[in-house]
Amino acid sequence: MADIGKDIERPLGQAVRPPRAANRISTGAVVAALVVLAVISVSGAIALREKPFRKPEVTAVSTPKVTAAAPVTEPAPAPKAEAAPKTGGPRIILVETEEGDGPPKAAIVIRDPSAIGQNLKIAHLPDRALIEASDTGPLPVRAVDGRRPFDVYARPWSGARGARVAIVIGGLAVSQTGTQAAIAKLPAEVTLAFAPQGNSIGRWMQAARQSGHEIVMQVPLEPFDYPNVNPGRNTLTIAASPDENLKSLRWALSRTTNYTGVMNYMGARFSADATAMGPFMAELGKRGLAYVDDGSSARSLASELALKDGVPFVAGDTAIDAVQDRGAILKKLDQLEATARAKGSAVGIGSAFDLTVDTVASWVIEAKKRGIEIVPISAVAIDPQKG
């Protein structure tokens, strides 16, 4: 009855509450306890680590110990007018440096081979700082800050050590259809040489540079049995005065821009005469140009004079197409590859014949698969100014 009385006295709508257990633990307390335990566990693990969180240093490494190298993913191959060499591309190299007796430290070195040479996107545009105006046209010249056409107009390459082959195909601009075919078919790594007597050289220069080719200008020099064997207009001869020869040289140089150097066209007699060859080579040194000797004359004094006048120098190892036969050309190209594997580099000289162009184009593709790097002529030059 006592309980019934209490129920009657309780306000309507309120149910009877059961008594609260004295020793019940709330859910919130359990969760809080678990969080505390987790924090304690993680802190202990970090404290026991040998090298707790340490950011790698980004630094230049003089004597690194390379532990891994991974190329940055490159986009799909672009058309021939690429912005950088296909074998180049920035690479991130992970290295370890050792400092005293302490543990090695991580480091990152970023190397961009495309910095070796001109940006190909603007390769067809002449650098005004490297141009001297003349009555016959623009002449190449060193910039006030010392930059040379040889450096500025050089095609980029990987800079890697290994078997390298440079190929120069000459006679561009003589035949319009042949020039167009050579620029279109030859891989961008092949160097092109323009004949000064050709037509529309400025237009073809731009097309060649936009396609990625490095270019040189051919200069007609006196051969033996001249004038029965005549290299063409404004040939430099041993009978002419130094001033006359320099005038002829400057005419050839003014035919276009954006080239790294000159290559002889014939010239066995001229290149063997120190009196005639001396002023010629000195002019190239003054203008910051390289000299490419096609290797056709064993009497050439070019290498000694180039060293004397600070001219970057390249000598051809073989003429690849003296015999216009595909098998013979391929044999010469294979000899270049063997020379490059034995000595590090080799230079082949050819002309823009249809057969030569087609044979070189197909051989280059296969040579690359065998690990041969095809490089511009500037990549194998001996440069006295760089030791």
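Taken together, the values in this text are just the output of simple stated rules run on the coordinates, not laboratory data. Just so you know, these numbers come straight off a predicted model, no measurement behind them. We place every Cβ from the backbone using ideal geometry, glycine too, and count neighbours over all the protein chains shown.
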Practice problem: Select from segment 123-188 those trypsin sites (Lys or Arg not before Pro) which occupy a DSSP coil region and have at most 15 other Cβ atoms within 10 Å, ordered by residue number. | Solution: Arg147, Arg161
Practice problem: Restrict the search to segment 246-340; then list the trypsin sites (Lys or Arg not before Pro) that DSSP places in a loop and that have at most 11 other Cβ atoms within 10 Å of their Cβ. | Solution: Arg299
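On a 18 Å Cα-Cα criterion, which of the cross-link pairs Lys185/Lys343; Lys247/Lys308; Lys286/Lys386; Lys121/Lys286; Lys308/Lys386; Lys247/Lys386 come out too long?
Details: Lys185/Lys343 29 Å; Lys247/Lys308 22 Å; Lys286/Lys386 16 Å; Lys121/Lys286 28 Å; Lys308/Lys386 14 Å; Lys247/Lys386 29 Å.
In this structure, Lys185/Lys343; Lys247/Lys308; Lys121/Lys286; Lys247/Lys386 exceed 18 Å between Cα atoms.
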